[in-house]
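Bear in mind that the values in this text are calculations on the coordinates, not laboratory data. Given the structure is predicted, the values throughout are model-derived calculations rather than measurements. Positions of Cβ are backbone-derived with ideal geometry, glycine not excepted, and every protein chain shown enters the neighbour counts.
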Amino acid sequence: MFRCPHCDKPGIKPLRKVILSPGLLAGCTVCGEFSSVRYPSWLIAMLPGSVLMLAALFVESETWEWGLNISGFLLMIVLPLLFTPLHKENG
Ligand SMILES: [Zn+2]
């Protein structure tokens, strides 16, 4: 669980944070308040994965294409999950 910026308790479900993007709100299971991520930090976290998936369009080998796509996809899940800070939103 991730720490909620409102009540400072671990009330945000990891799965919710995975699919969280700017404009989408995550509800806290402890206090019920909403939080979200901000564009700059979200974009930075998405960048490495996007670069890998873009690079996959230009490689000749199918093995490399799959490898790049899969690593890019994983990075786009893991990096925002771990490094994008949550901000308070008013539901
Ligand atoms: Zn909370």
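Side notes on the structure shown:
- Residue match in segment 52-63 (condition: among the aliphatic types (A, V, I, L, M) and within 16 Å of the ligand (Cβ to nearest atom)): no
- Residue within segment 1-20 that is farther than 19 Å from ASN90 by Cα, in contact with a Lys or Arg (Cβ under 8 Å, 6 or more places away or on another chain) and either in contact (Cβ under 8 Å) with a residue 24 or more places away in the chain or within 16 Å of the ligand (Cβ to nearest atom) (or both) present: yes
- Restricting attention to segment 17-33, the residues that are surrounded by 18 or more Cβ atoms within 10 Å (Cβ to Cβ) and more than 11 Å from PRO80 (Cα to Cα) total 3.
- Looking across segment 55-79, the residues that are farther than 13 Å from VAL18 by Cα and either touching a residue at least 40 places away in the same chain (Cβ under 8 Å) or under 18 Å from the mean Cα position of the chain (by Cα) (or both) come down to ASN69, ILE70, SER71, GLY72.
- Scanning segment 21-51 for residues that are hydroxyl-bearing (Ser, Thr, Tyr) and in contact with a strand residue (DSSP E or B) (Cβ under 6 Å, 6 or more places away or on another chain), we see that the one that is farthest from the ligand (Cβ to nearest atom) is SER36.
- For segment 59-74, filtering for residues that are loosely packed, with under 15 Cβ neighbours inside 10 Å and more than 23 Å from ILE44 (Cβ to Cβ) leaves 8.
- Positions within segment 34-54 being farther than 18 Å from LYS17 by Cβ, crowded, with 17+ Cβ neighbours inside 10 Å and of a type in the set (Val, Ile, Thr), in sequence order: none
- Candidates GLU65, GLU60, GLU33 - the one that is touching a helix residue (DSSP H, G or I) at 6+ places or on another chain (Cβ under 7 Å) and acidic (Asp, Glu): GLU65
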